Amino acid sequence: MALSTAEVARLAELARIALTPEDLERLAPQLDVILEAVASVSEVAGADVPPTSHALALTNVFRPDAVRPSLGVEDALASAPAVEDERFRVPRILGEEQ
């Protein structure tokens, strides 16, 4: 199935990508090759192969949540260049009003 330049132009429009006519002529055959590669994967996968998202089973590698002692406010703010109301003071950005 060869993609036409009109189909590539429609895809570019949906993706909000501006393409020149030269780009469309160049990309149509390239996208066709990609579609053929994806189609070949579906031919390999048989009914006996279950769909998976990963080649290996994934397990949760996060540690369990546990309450532990942490840095105190004074220690955390000790190296801050500016502090206000027990918080880091940073410059205002984007013209925000207070």
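Key figures for this structure:
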{"quantity": "Carbon/sulfur fraction of accessible area - segment 5-98, other protein chains in place, 1.4 Å, %", "calculated": "59 percent"}
{"quantity": "³J(HN,Hα), Karplus 6.51/-1.76/1.60, whole Hz, each residue of segment 81-94, x for Gly, Pro", "calculated": "x, 8, 10, 8, 6, 6, 9, 5, 9, 10, x, 5, 10, 6"}
{"quantity": "Highest-fluctuation residue, V41, V67, V33 considered, GNM on the chain with Cα pairs under 10 Å", "calculated": "V67"}
{"quantity": "Amide proton proximity set for V83, modelled H, under 5 Å, gap of 5+", "calculated": "R89"}
{"quantity": "For segment 1-41, the spread of Cα positions along each principal axis, largest first, Å", "calculated": "30, 18, 11"}
{"quantity": "Accessible area in square angstrom per residue, segment 7-86, 1.4 angstrom probe", "calculated": "91 Å²"}
{"quantity": "Contour minus Cα-Cα distance for S42 and V61 (0.36 nm per residue)", "calculated": "3.7 nm"}
{"quantity": "DSSP loop trypsin sites (Lys or Arg not before Pro) with at most 10 other Cβ within 10 Å: longest gap in the chain", "calculated": "17-91"}
{"quantity": "Cα gyration tensor shape of the chain, rounded if a/c is under 1.5, else prolate or oblate by comparing a/b with b/c", "calculated": "oblate"}
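The values are calculated or read from the model by the stated rules, or taken from the named source; none is laboratory data. Since the structure is predicted, the reported quantities are computational estimates derived from the model, not experimental observations. We place every Cβ from the backbone using ideal geometry, glycine too, and count neighbours over all the protein chains shown. These area figures cover heavy atoms from the full protein model, side chains too; ligands, DNA and RNA do not enter into them. Shrake-Rupley method; radii C 1.70, N 1.55, O 1.52, S 1.80 Å.
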